[in-house]
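A short worksheet on the structure shown next.
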Amino acid sequence: MFLAGLFLLLASCESSISYSKLLEQEEKLIESYIARQGIEVLETFPADSVFQSNQYYHYPDGIYIQLISKGEGEEATSGRAIVVRFKQSTLDEYPTEESYWTTMDKPYPVEVTYGSTTNNCDGWQQALEVMKRTESHAKFIVPSKIGFDEAAQAVTPLLYEMKIKLKPQ
């Protein structure tokens with residue numbers, strides 16, 4: 001009985017992967033995605049906020065972001081409600097995608113608060129700091145450590161394409 005329990009314990013330890021190993025695998029997945037997509041990772045954020053179609057800026061220990069459109073009008077300030085439409089996908093060769101892009105996908109858009117991670121995550125807040133204006137459009141990769149709880153628990157990085165509108169005050 002004791003030997004059977006010991007065997008089960010050893011077998012379960014061998015099949016589990018450490019968190020640090022999962023983070024290494026995540027980094028390799030991000031690097032593989034970047035290579036497959038031909039993405040150029042910029043070391044500095046473009047002063048004019050203009051990105052080429054294959055350029056992303058990488059925040060140290062944060063998101064990779066490509067600003068497609070700066071948007072228009074006033075900038076969001078802390079506490080401002082923002083309406084979000086987005087697509088979320090995995091970085092695998094054959095990604096799994098969820099869409100909240102149109103009212104056909106989800107009747108009501110997601111609403112988040114600028115400067116708060118309630119109903120969103122640190123990765124989204126980093127993106128919103130760049131986006132800030134109505135009709136802003138961006139693509140960004142969120143590593144699991146700064147993603148939603150589900151992604152963090154699964155150590156899964158996600159790609160988002162997002163458009164925002166500032167909600168009238």
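The values are calculated or read from the model by the stated rules, or taken from the named source; none is laboratory data. These numbers come from a predicted model, not from an experiment. As a convention, Cβ positions derive from the backbone with ideal geometry for all residues, glycine included, and neighbour counts pool all protein chains shown. The area values use the complete protein model at the heavy-atom level, side chains included, leaving out ligands, DNA and RNA. Shrake-Rupley method; radii C 1.70, N 1.55, O 1.52, S 1.80 Å.
Please work out if K106 is on the phi < 0 side of the Ramachandran plot, touching a strand residue (DSSP E or B) at 6+ places or on another chain (Cβ under 6 Å) and modelled with pLDDT of 95 or more.
On the way: on the phi < 0 side of the Ramachandran plot: yes; touching a strand residue (DSSP E or B) at 6+ places or on another chain (Cβ under 6 Å): yes; modelled with pLDDT of 95 or more: no.
Here the answer is no, as K106 does not meet what is asked.
Residues that are over 14 Å from the mean Cα position of the chain (by Cα): list the strands (runs of 3 or more DSSP E) wholly contained in the range 55-98 that include at least 2 such residues.
On the way: elements: 55-58, 64-69, 81-89.
Here the list reads 64-69, 81-89.
Can you name the residue in the range 1-52 that is hydroxyl-bearing (S, T, Y) and over 18 Å from the mean Cα position of the chain (by Cα) and is also modelled with the lowest pLDDT among such residues?
So the first thing to find is which residues in the range 1-52 are hydroxyl-bearing (S, T, Y), and the list is 12, 15-16, 18-20, 32-33, 44, 49.
When the remaining residues are screened for being over 18 Å from the mean Cα position of the chain (by Cα), the result is 12, 15-16, 18-20, 44, 49.
Values: S12: 45, S15: 53, S16: 77, S18: 92, Y19: 91, S20: 92, T44: 95, S49: 90.
Result: S12.
Just give me the residues in the range 121-155 being within 10 Å of the chain's Cα centre (by Cα), more than 23 Å from V50 (Cα to Cα) and β-branched (V, I, T), in sequence order.
Within the range 121-155, I146 is the sole residue that qualifies.
Among the residues of the range 50-88, write down those that are touching a His at 6+ places or on another chain (Cβ under 8 Å) and among the aromatic types (F, W, Y).
If the condition is that a residue be touching a His at 6+ places or on another chain (Cβ under 8 Å) and among the aromatic types (F, W, Y), then Y64 is the only one that fits.
Within the range 125-138, take every residue that is in contact with a helix residue (DSSP H, G or I) (Cβ under 9 Å, 6 or more places away or on another chain) and in a strand (DSSP E or B) and give me the one that is nearest to I164 (Cα to Cα).
Kept after step one, since they are in contact with a helix residue (DSSP H, G or I) (Cβ under 9 Å, 6 or more places away or on another chain), are these residues of the range 125-138: 125-126, 136-138.
Checking the rest, the ones that are also in a strand (DSSP E or B) come to 137-138.
Details: H137: 7, A138: 9 Å.
The qualifying residue nearest to I164 (Cα to Cα) is H137.
How many of the residues in the range 72-93 are touching a residue at least 40 places away in the same chain (Cβ under 8 Å) and open to solvent by 30 Å² or more (accessible area, probe 1.4 Å)? Full working, then the answer.
Going residue by residue through the range 72-93, those that are touching a residue at least 40 places away in the same chain (Cβ under 8 Å) are 72-76, 80-93.
Still in the running and open to solvent by 30 Å² or more (accessible area, probe 1.4 Å): 72-75, 83, 85, 87-88, 92-93.
Qualifying residue count, the range 72-93: 10.
Scan the range 147-166 and give yes if some residue there is open to solvent by 50 Å² or more (accessible area, probe 1.4 Å), part of a loop (DSSP other than H, G, I, E, B), within 25 Å of E31 (Cβ to Cβ) and out of contact with any Asp or Glu (no Cβ under 6 Å at 6 or more places or on another chain), otherwise no. Step through it out loud before you land on a result.
Filtering the range 147-166 down to residues open to solvent by 50 Å² or more (accessible area, probe 1.4 Å) leaves 148-150, 153-154, 163, 165.
So of that shortlist, the ones also part of a loop (DSSP other than H, G, I, E, B) come out as 148.
Still in the running and within 25 Å of E31 (Cβ to Cβ): 148.
Of the ones still in play, those that are also out of contact with any Asp or Glu (no Cβ under 6 Å at 6 or more places or on another chain) are 148.
Yes, there is a match, as at least one residue in the range 147-166 is open to solvent by 50 Å² or more (accessible area, probe 1.4 Å), part of a loop (DSSP other than H, G, I, E, B), within 25 Å of E31 (Cβ to Cβ) and out of contact with any Asp or Glu (no Cβ under 6 Å at 6 or more places or on another chain).
From the residues in the range 94-128 that are among the aliphatic types (A, V, I, L, M) and touching a residue at least 40 places away in the same chain (Cβ under 8 Å), which one is surrounded by the fewest Cβ atoms within 10 Å (Cβ to Cβ)? Give the derivation first.
From the range 94-128, those among the aliphatic types (A, V, I, L, M) are 104, 110, 112, 127-128; that's our starting set.
Pick out the ones that are also touching a residue at least 40 places away in the same chain (Cβ under 8 Å) and you get 127-128.
Details: A127: 27, L128: 22.
If we take residues in the range 94-128 being among the aliphatic types (A, V, I, L, M) and touching a residue at least 40 places away in the same chain (Cβ under 8 Å), then L128 is surrounded by the fewest Cβ atoms within 10 Å (Cβ to Cβ).
Among the candidates T117, T103, single out the residue that is within 23 Å of Y19 (Cβ to Cβ) and in a loop (DSSP other than H, G, I, E, B). Working first, answer last.
On the way: T103 fails: within 23 Å of Y19 (Cβ to Cβ).
On inspection, the qualifying residue turns out to be T117.
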